[in-house]
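Asker: Below is the structure I would like to discuss, written out as structure tokens.
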């Protein structure tokens with residue numbers, strides 16, 4: 001009987017710990033929260049909405065930016081996979097960090113596109129840099145041996 005009581009106590013404790021951990025887990029960011037978080041960096045709310053929605057659904061993304069000297073840039077792509085809110089947040093944060101490390105603080109449409117799906121990024125010094133893209137890294141299949 002003591003063994004059964006100990007087993008039940010252990011199960012109760014484990015269940016309580018799991019429930020507590022779930023209660024304190026950070027909730028996933030909503031679409032509007034992610035969009036708001038990246039609106040300034042993406043060149044506006046409509047660009048951020050397009051990014052978040054396209055990455056969430058695997059649908060088209062259209063980006064339009066206007067430079068300080070009034071040059072309009074348009075870029076677009078269709079996401080090749082669907083991402084969770086956490087993956088979208090990580091992909092956008094990675095793209096933002098990647099561009100910032102290259103000296104691009106307020107990217108144009110093409111720079112955002114390249115940082116997300118791969119391609120050449122035009123740098124402030126006039127050179128270009130080939131990047132793989134933060135979404136491309138997440139979309140790569142996991143090798144069978146690594147599963």
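Asker: Within the stretch 72-91, how many residues turn out to be free of Cβ contacts under 8 Å to residues at least 40 places away in the same chain and in contact with a strand residue (DSSP E or B) (Cβ under 9 Å, 6 or more places away or on another chain)?
Answerer: Within the stretch 72-91, residues that are free of Cβ contacts under 8 Å to residues at least 40 places away in the same chain and in contact with a strand residue (DSSP E or B) (Cβ under 9 Å, 6 or more places away or on another chain) number 6.
Asker: When the stretch 77-107 is examined, which residues are found to be in a helix (DSSP H, G or I), closer than 23 Å to residue 127 by Cα and out of contact with any helix residue (DSSP H, G or I) (no Cβ under 8 Å at 6 or more places or on another chain)?
Answerer: 97, 100, 101
Asker: If we scan the stretch 94-109, do we find a residue that is at pLDDT below 95, buried (at least 19 other Cβ atoms within 10 Å of the Cβ), within 18 Å of residue 61 (Cα to Cα) and in contact with a strand residue (DSSP E or B) (Cβ under 8 Å, 6 or more places away or on another chain)?
Answerer: Checked the stretch 94-109: no residue is at pLDDT below 95, buried (at least 19 other Cβ atoms within 10 Å of the Cβ), within 18 Å of residue 61 (Cα to Cα) and in contact with a strand residue (DSSP E or B) (Cβ under 8 Å, 6 or more places away or on another chain).
The values are calculated or read from the model by the stated rules, or taken from the named source; none is laboratory data. Because the structure is predicted, anything quoted here is derived from the model rather than measured. Note that we place each Cβ from the backbone using ideal geometry, even for glycine, and neighbour counts take in every protein chain shown.
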